[in-house]
Amino acid sequence: MKVLIVGSGGREHAIAWSVAKSPKVDKIYCAPGNAGIAEYAECVDIGAMEFEKLAAFAKEKEIDLTIVGMDDPLVGGIVDVFEAEGLRVFGPRKNAAILEGSKAFSKDLMKKYDIPTAAYENFDDPEKALEYLRTEAKFPIVLKADGLALGKGVLICQDLAEAEAGVKEIMEDKKFGNAGNTMVIEEFMTGREVSVLSFVDGKTIRTMTSAQDHKRAKDGDQGLNTGGMGTFSPSPFYTPEVDEFCKKYIYQKTVDAMASEGRPFKGIIFFGLMLTADGPKVLEYNARFGDPEAQVVLPRMENDIIEVMEACVDGNLDQIDLKFEDNAAVCVVLASDGYPVKYEKGIPIQGFENFKDKDGYYCFHAGTKFKDGQIVTNGGRVLGITAKGKTLKEARKNAYAATEWISFANKYMRHDIGKAIDEA
Ligand SMILES: Nc1ncnc2c1ncn2[C@@H]1O[C@H](COP(=O)(O)OP(=O)(O)O)[C@@H](O)[C@H]1O
Ligand SMILES: [Mg+2]
C-alpha cells in the first residue's frame, strides 16, 4: 500500500511511525511533514489546507489510503473532497467533524441524546449573553468560542466583570475570528481531566487506552496554556468503574447520536472527560488524535494501525479486537524557551543518534526542519520524548532520562509530567 499522511506535528510523527510498522505498507508520503517524519516518509511540500492539491497528488501517486491527523482540514471538509475524487481516506466528513468544529453543536447533541456534560446555553447575540450573565449565571463560569481557536477559545471567568470582558473578546472584538460568532456559556465543573481516544466506523466504537495531558507551560500547572507540554498513559484515575460508566452513557451513545443525526462519524473521536463528583462528564469532543496524546497511546497499541483504520473506512470495526500493551508511557515535550509567547527558531539540535535501536524510547518531532543538512528547531514545541516502562513511574523515569539525550541551546521542558501518578 501507499499511504499519505496529512499534517506536520508530533502526532503525525507518531502516526507515521505506527504506519511504518505495518507489513501492508511499502511507501509513505507526508504533507507537509517535518524532519523526523522524513525518516519514514517522503515529505511533500503541500499545505494541509490545500485540499485540491492534496487530492491531485494522491491521484497522481495512486495513494491507497490518506490519513488526516489535524483538526483544521477535517473540519474544513478535506474528507469530502477526497471522497468526491474516489480516494480512500481515514477521517470524518465535514458534517461529522462538526463534533469538534462547533462546540454549540456538540453541546446540543449531548443535550438531545442525554449524554452527561456541563449545563450550558448557546448564544449568537452578545447582548443576550450579557443579559444571561447578569441575571442567571453562577460564578465561576466558562465561556467558549464555538469554533476552532487553537485551544485558546475557552475562558474561565471568576466574576461578572471577567465574563463581560470575555464576551467582548470572543463575540465583539472577534479575537478568535468567526469561531466567536456563537458562544457557549457553561457551568464550571471540578475534577480530574482524562482523555480517551477511540476508533469509530460510523456504527461501532473501539476505545483505546486512556491518557492525561498537561496544558500549562510551567511546573505545577502554572503559566500560560499551550498545545500540551506532556502526557502519560494510562491514567490511574480512569478506573474500571469510570470505563463502565462511559461505555454505558457516553461512547456508544455519541456514535449512535451522530448516526441518528445523519452524520455518521468515521475516524477518531477524542473524548475529553472530567471526572466530577457526579460522575464522568464530557468536556469536549475532538475529531482526531490528540497531540501529544497520540505519542503515548500509539506506542502502546499492539494492532496494525492500517488494519484498524481500514476497518473504520469499510465499516468492519466490529471485527477488530483492539489491544494495548500492559505497560505505561510518558511523553515529555521539549519546547523552545519562551513558548508559547516568544521564542527563537532555527537552532541546531544534537543527540538524535542516542535513540537508535533503543526499544521503548521515541523521539517524535513536532517543530523541526532541515537546514544545511542539519536538523534545527522550527517551532514552540520541538520534540516529544516518549518512553515506556512497566509502570507509570518507571516510564516517567525513563522519559526524563531520555530528555537528557537531546540538546539544543534554548531547550525547555516541564519537570513534573506525570506527577499526578504519585497521588493515585
Ligand atoms: N465546564 C468546564 N468546567 C471547568 N473547566 C473547563 C470546562 N470546560 C473547559 N474547561 C477547561 O478548559 C480546557 C479547554 O476546554 P475544552 O472544552 O477542552 O476546549 P479546547 O480544548 O477546544 O480549548 C479544558 O481542558 C478544561 O481544563
Ligand atoms: Mg480540550
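Those residues that are in contact with a helix residue (DSSP H, G or I) (Cβ under 7 Å, 6 or more places away or on another chain), more than 18 Å from D243 (Cα to Cα) and not aromatic (F, W, Y), I need them from segment 262-289; list them, please.
R263, P264, K266, G267, N286, A287, R288
Just a yes or no: is a residue in segment 107-125 part of a helix (DSSP H, G or I), closer than 30 Å to D201 by Cβ, more than 13 Å from ligand 1 (Cβ to nearest atom) and not basic (K, R)?
Yes; the residues of segment 107-125 include at least one that is part of a helix (DSSP H, G or I), closer than 30 Å to D201 by Cβ, more than 13 Å from ligand 1 (Cβ to nearest atom) and not basic (K, R).
Looking only at segment 132-150, count how many residues are surrounded by 13 or more Cβ atoms within 10 Å (Cβ to Cβ) and not in a strand (DSSP E or B).
Qualifying residue count, segment 132-150: 9.
Which pairs turn up if I take residues in segment 72-99 that are at positive phi and look for partners that are surrounded by fewer than 18 Cβ atoms within 10 Å (Cβ to Cβ) with beta carbon separation below 7 Å, at least 6 apart in sequence or on another chain?
G77/K94
So, A48, is that one part of a helix (DSSP H, G or I) and within 30 Å of I385 (Cα to Cα) or not?
Taking the combined requirement at face value, the residue does not satisfy it.
Return yes when K388 is in contact (Cβ under 8 Å) with a residue 24 or more places away in the chain, buried (at least 19 other Cβ atoms within 10 Å of the Cβ) and farther than 30 Å from D45 by Cα and no when it is not.
yes
From E394, E353, which residue is charged (D, E, K, R), touching a residue at least 40 places away in the same chain (Cβ under 8 Å) and assigned to a helix (DSSP H, G or I)?
Matching residue, one of E394, E353: E394.
Whether any residue in segment 308-330 is surrounded by 22 or more Cβ atoms within 10 Å (Cβ to Cβ) and part of a loop (DSSP other than H, G, I, E, B) is what I want to check.
Checked against the condition, which is being surrounded by 22 or more Cβ atoms within 10 Å (Cβ to Cβ) and part of a loop (DSSP other than H, G, I, E, B), segment 308-330 yields no hits at all.
Count, please, the residues in segment 277-320 that happen to be of a type outside the set (S, T, N, Q), under 21 Å from L4 (Cβ atoms) and away from ligand 1 (no atom under 16 Å from the Cβ).
Total satisfying the criteria: 13.
If the requirement is being within 10 Å of ligand 1 (Cβ to nearest atom) and free of Cβ contacts under 8 Å to residues at least 40 places away in the same chain, which of these qualifies: V142, V184, V154?
V154
Rundown of residues vs (1) farther than 16 Å from V313 by Cα; (2) without any contact (Cβ under 8 Å) to a residue 60 or more places away in the chain; (3) among the β-branched types (V, I, T), yes/no style:
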residue: G47; (1), (2), (3): yes, yes, no
residue: I63; (1), (2), (3): no, no, yes
residue: N122; (1), (2), (3): yes, no, no
residue: P126; (1), (2), (3): yes, yes, no
residue: A129; (1), (2), (3): yes, yes, no
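Step by step: first the residues of segment 234-276, then only those that are within 13 Å of ligand 1 (Cβ to nearest atom) and farther than 15 Å from L197 by Cβ, then the one that is surrounded by the fewest Cβ atoms within 10 Å (Cβ to Cβ). Which residue is that?
T276
Can you find a residue that is over 26 Å from H365 (Cβ atoms) and either more than 16 Å from ligand 2 (Cβ to nearest atom) or under 21 Å from the mean Cα position of the chain (by Cα) (or both) anywhere in segment 284-295?
yes
We did not get these values from a lab; they are worked out from the coordinates using the rules stated. From a predicted model like this one, the values you see are computed outputs, not experimental measurements. Every residue, glycine among them, receives a Cβ derived from its backbone with ideal geometry; neighbour counts consider all protein chains shown.
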